[in-house]
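I have placed the structure first, in the form of structure tokens, so that the comments after it can refer back to it.
The values are calculated or read from the model by the stated rules, or taken from the named source; none is laboratory data. Everything numeric in this text was worked out from a predicted model, so none of it was measured. No Cβ is skipped: glycine too gets one built from the backbone with ideal geometry, and neighbour counts run over all protein chains shown.
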Amino acid sequence: MKSLCARLLGAACLFGCISAAYAQSSDSVLYTRDTLKNANGEAIFHNICQGCHMPDAKGATGAGTYPALAGNPKLVSAPYMAAVILFGRHDMPSFVTKPTRGDGFAGGVMLTDAQIADVINYVRTHFGNHYTDSITADDIKAMHPQDAQPKPKS
């Protein structure tokens, strides 16, 4: 019974976070896996990233530690950011892995190489970050493991 109560409480908290993120989103659009495919870097940040890194990108500590993206010296390296988004790190999930669940939650969101580049370029030019170089979808594509790349037809 305690496990069921914990699950219900967790689901209620998740619903509250999603509702709050929806209410605070700048364009009031709730993105799903289907509508996310047209989202730009700003929309991706506000509808995915800010859930952990906060709307001001200053990060948070509580049930976990979510690093600040605002003024973070690690952001000097766009490829570092790409690697974290592609492969995950600590509690950060990968956003290119195939969904293991059909409900669109953690592990269920996939971003294209262009979207990953767009959100990286957005974060690196906002929140007090002033990096002038950018990363492209082709740069992201080159970072994928070779066995994950589509094989040319013979």
Members of the stretch 117-144 found to be under 16 Å from GLU42 (Cβ atoms) and either part of a helix (DSSP H, G or I) or without any contact (Cβ under 8 Å) to a residue 24 or more places away in the chain (or both), listed by number: ALA117, ASP118, VAL119, ILE120, ASN121, TYR122, VAL123, ARG124, THR125
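I'd like to check something: does the stretch 97-105 contain any residue that is of a type in the set (S, T, N, Q), modelled with pLDDT under 90 and within 17 Å of the chain's Cα centre (by Cα)?
Yes, the conditions are met somewhere in the stretch 97-105.
Can you report the number of residues in the stretch 53-82 which are in contact with a strand residue (DSSP E or B) (Cβ under 8 Å, 6 or more places away or on another chain) and either within 17 Å of GLN115 (Cα to Cα) or surrounded by fewer than 17 Cβ atoms within 10 Å (Cβ to Cβ) (or both)? I'd like the intermediate steps shown before the answer.
Step one: of the stretch 53-82, the residues in contact with a strand residue (DSSP E or B) (Cβ under 8 Å, 6 or more places away or on another chain) are 53-54, 59-60, 66.
Checking the rest, the ones that are also either within 17 Å of GLN115 (Cα to Cα) or surrounded by fewer than 17 Cβ atoms within 10 Å (Cβ to Cβ) (or both) come to 54, 59-60.
Looking only at that region, the number is 3.
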Candidates ALA114, ALA43, filtered to the one that is at pLDDT 90 or above, assigned to a helix (DSSP H, G or I), surrounded by 19 or more Cβ atoms within 10 Å (Cβ to Cβ) and at negative phi: ALA43
